[in-house]
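Just so you know, all these numbers are worked out from the coordinates, no wet-lab data involved. Everything quoted here is computed from the prediction, not taken from an experiment. Note that we place each Cβ from the backbone using ideal geometry, even for glycine, and neighbour counts take in every protein chain shown.
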Amino acid sequence: MNYEEALDYLQRRRRFGIKLGNERFETLLSCIDNPHRSLKVAHIAGTKGKGSTTAMIAAGLHADGRKVGSYFSPYVYELRERVQINGEMIPKEDFTELMTEIVPWVEDISSGYLGAITEFELKTAIGFLYFQRQAVDYAVVEVGLGGRLDATNVVTPLVSVITNIGLDHTRILGDTYAQIAYEKAGIIKPGIPVISAATHPEAVETIAQIANERKSPLLWVREMEDKEPPSPIAWCLDASQRLVIKTPAATYRPLQLNLKGRFQAANAACAVAAIEHMHHRYKSGVPETVLKGIERAYLPARFEVLRVKPTVILDGAHNAMAVSALLEELSTVRYRRLHIVLGMVTGHKPEEIVGQLAPIASHIYATAPDWRRAVPVKAIAEIARRYGAEVSEHTHPSSAVAEALSRCEPEDAVLVTGSFYVIGEIDRRLFQKQPQPETPATKPV
């Protein structure tokens with residue numbers, strides 16, 4: 001099996017969809033000697049911010065000299081982004097070798113009563129086995145969907161983190177904050193500390209109840225001016241918009257995050273608090289090296305400004321909570337007209353996303369990724385038109401971006417959003433500034 005064959009095998013398992021519950025996955029892991037059991041893990045769940053928090057924890061630990069595996073969901077440009085060590089994707093050779101080793105077990109289990117191993121289960125197994133074989137010091141693992149029944153929930157972590165919670169994947173996780181919080185809080189293990197930035201009262205109550213039942217120390221992350229519930233971990237922005245974090249262990253000097261957006265403040269506070277709980281060395285506060293790593297943390301398409309004149313912004317906001325945070329940050333950007341390239345996949349509510357974006361757009365370029373769960377272009381366009389937006393329809397994200405850029409003036413902005421998969425399919429060369437023709441010298445009269 002070469003790399004292309006290994007990748008094709010994995011992607012063909014998408015046809016088995018999402019199957020929550022871990023008996024099948026635990027059977028697969030037992031066939032490869034349970035690599036997850038030897039890992040020291042930070043486990044991250046949430047509706048908004050779990051990827052950024054994962055990246056910050058991993059970057060902070062790596063900057064302090066640790067060998068750190070990180071497991072992300074989803075990817076943007078290449079599937080191997082999901083499995084990284086010290087910020088480097090799993091090499092194609094290792095991916096192929098591990099896939100070749102695991103496939104016979106996958107086929108054997110899939111032919112039995114447990115049913116087919118899914119794409120997500122297989123790539124999670126590859127991630128765990130790669131981290132074990134590479135002897136990482138820590139693994140920072142982002143939940144795929146929910147938490148309680150997610151494949152990643154086989155780990156026993158050093159610390160669990162639940163970022164903010166909103167209404168998303170409601171057909172699978174439930175349609176109330178309490179139901180969704182119950183699924184996210186499924187990652188809480190007995191006696192293991194849990195850190196949460198959830199704010200909705202129903203979510204707060206549910207997480208607190210589960211943590212109490214499992215006798216897990218619970219620390220809330222709050223903005224310093226918030227008083228409910230009482231919080232030992234607090235953050236604020238100083239006059240220069242730098243982040244100040246206070247924990248029971250320390251008050252840290254102001255941080256200037258590479259990941260943009262006010263919403264990243266709570267994620268960074270979660271990251272700092274999580275690291276404090278991961279090793280006795282950090283109990284009295286994380287060192288300066290960790291803070292510098294958190295500041296440098298990067299993930300693509302998280303309010304990523306690629307260029308100016310016109311301003312081009314990539315943000316994979318794919319649910320209502322993420323779009324609300326995107327709009328808050330967008331309000332700080334100066335532009336004359338806003339061109340929005342928008343594509344989505346199912347599992348989220350298009351009406352809630354388009355309904356927030358359409359009223360502020362001068363033009364919406366409806367598109368779709370080459371993905372079996374893509375929302376049809378016409379469906380996005382129809383919703384946008386109901387909100388009075390000027391809309392054009394494009395079969396490929398690159399053509400949508402090309403059209404948006406062709407209509408832009410230097411003072412305008414182009415926002416590409418709705419799905420990481422849309423962003424991942426765009427030809428990046430489109431975002432490069434084109435050389436301007438030289439102005440002929442004026443002859444003296």
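With N the number of residues in the chain, Rg(Cα) / (2.2 N^0.38 Å) evaluates to 1.00. Note on region 1-95: the alpha carbon radius of gyration divided by the globular reference 2.2 N^0.38 Å gives 1.20.
In order along region 77-85, phi translates into HN-Hα couplings of 9, 8, 4, 5, 4, 5, 10, 9, 10 Hz, rounded to whole numbers, per the Karplus curve 6.51 cos²θ - 1.76 cosθ + 1.60 with θ = phi - 60° and x for Gly and Pro.
Give me the distance between the Cα centres of region 324-386 and region 126-140, rounded to whole Å. Taking the Cα centre of each part, region 324-386 and region 126-140 sit 37 Å apart. The packing ranking of peptides 414-421, 101-108, 149-156, highest mean first, is 414-421, 149-156, 101-108, where packing means the average number of other beta carbon atoms within 10 angstrom of each residue. Can you work out the base-10 log of I(q)/I(0) for region 152-291 at q = 0.12, 0.20 1/Å, using the Debye formula on its C-alpha atoms alone? Those come out to -0.48, -1.24, one per q.
Remind me, relative contact order of the chain in percent, using alpha carbon pairs under 8 angstrom and six or more residues apart? Mind showing how you got there, number by number?
On the way: 923 pairs, mean separation 67.3, N = 445.
It comes to 15 percent, rounded to a whole number.
In this structure, the residue pairs whose Cα-Cα separation is over 26 Å, taken from Lys19/Lys50; Lys123/Lys292; Lys123/Lys283; Lys246/Lys349; Lys189/Lys260; Lys19/Lys48, are Lys123/Lys292; Lys123/Lys283; Lys246/Lys349; Lys189/Lys260.
Evaluated on region 106-179, the Kirkwood hydrodynamic radius is 14.6 Å, with distances taken between all distinct Cα atoms.
Within region 189-260, which GluC sites (Glu not before Pro) sit in a loop by DSSP and count at most 13 neighbouring Cβ atoms inside 10 Å?
Values: sites: Glu202, Glu205, Glu213, Glu223, Glu225; in loops: Glu225.
Hits after loop and neighbour filter: Glu225.
The antiparallel fraction among DSSP beta bridges confined to the chain stands at about 30%. Loop-located trypsin sites (Lys or Arg not before Pro) in region 185-237 (DSSP state not H, G, I, E or B) with no more than 10 neighbouring Cβ atoms inside 10 Å: Lys215, Lys227. For region 7-58, the Kirkwood estimate of the hydrodynamic radius, built from every pair of different alpha carbons, is 14.0 Å. Scalar couplings 3J(HN,Hα) for region 330-338, obtained by applying the Karplus form with A = 6.51, B = -1.76, C = 1.60 to θ = phi - 60°, are 5, 5, 8, 9, 8, 7, 8, 10, 10 Hz; x denotes Gly and Pro. Residue-wise HN-Hα couplings along region 44-56, as the Karplus relation 6.51 cos²θ - 1.76 cosθ + 1.60 with θ = phi - 60° gives them from phi, are 10, 10, x, 7, 9, x, 5, x, 5, 5, 4, 4, 5 Hz; Gly and Pro carry x.
Here's how it looks for Glu390: its modeled amide H is under 5 Å from those of Ile364, which are all 5 or more places away or on a different chain. Database remark: amide H of Lys48 closer than 5 angstrom to the amide H of Asn164, Gly166 (H placed geometrically; neighbours at sequence offset of 5 or more, or on other chains; Pro and chain starts carry no H). Using a Gaussian network model of the chain in which every pair of alpha carbons under 10 angstrom is joined by a spring, one finds that among Thr289, Thr124, Thr47 the greatest mean-square fluctuation is at Thr289. Sorted largest first, the principal axis extents computed over the alpha-carbon atoms of region 158-224 equal 31, 29, 18 Å.
Taking every pair of distinct Cα atoms and averaging 1/r, then inverting, what Kirkwood hydrodynamic radius in Å comes out for region 215-277? Walk me through the intermediate numbers first.
Numbers: mean 1/r = 0.0836 Å⁻¹.
Final number for the Kirkwood radius of region 215-277 is 12.0 Å.
Compute the relative contact order of region 304-428 as a whole-number percentage, counting only Cα pairs closer than 8 Å that sit 6 or more residues apart in sequence.
Details: 267 pairs, mean separation 46.5, N = 125.
So the answer I get is 37 percent.
Amide H to amide H distances under 5 Å link Ile117 with Ser110, where only residues 5 or more positions off or on other chains count and H is placed in the peptide plane. Dimensions of region 304-428 along the principal axes, based on C-alpha atoms and rounded to the nearest Å, stand at 35, 27, 25, largest first. Restricted to Cα atoms, region 31-86 shows a radius of gyration and a Dmax of 12.2, 34 angstrom.
Which whole number of Å³ per residue matches the convex hull of the alpha-carbon atoms in region 267-324?
In region 267-324, the Cα convex hull volume per residue is 110 Å³.
Helical content of the chain, expressed as a calculated mean residue ellipticity at 222 nm, amounts to -10500 deg cm²/dmol (DSSP H runs of 4 or more residues, -39,500 (n - 2.57) each, divided by residue number, nearest 500).
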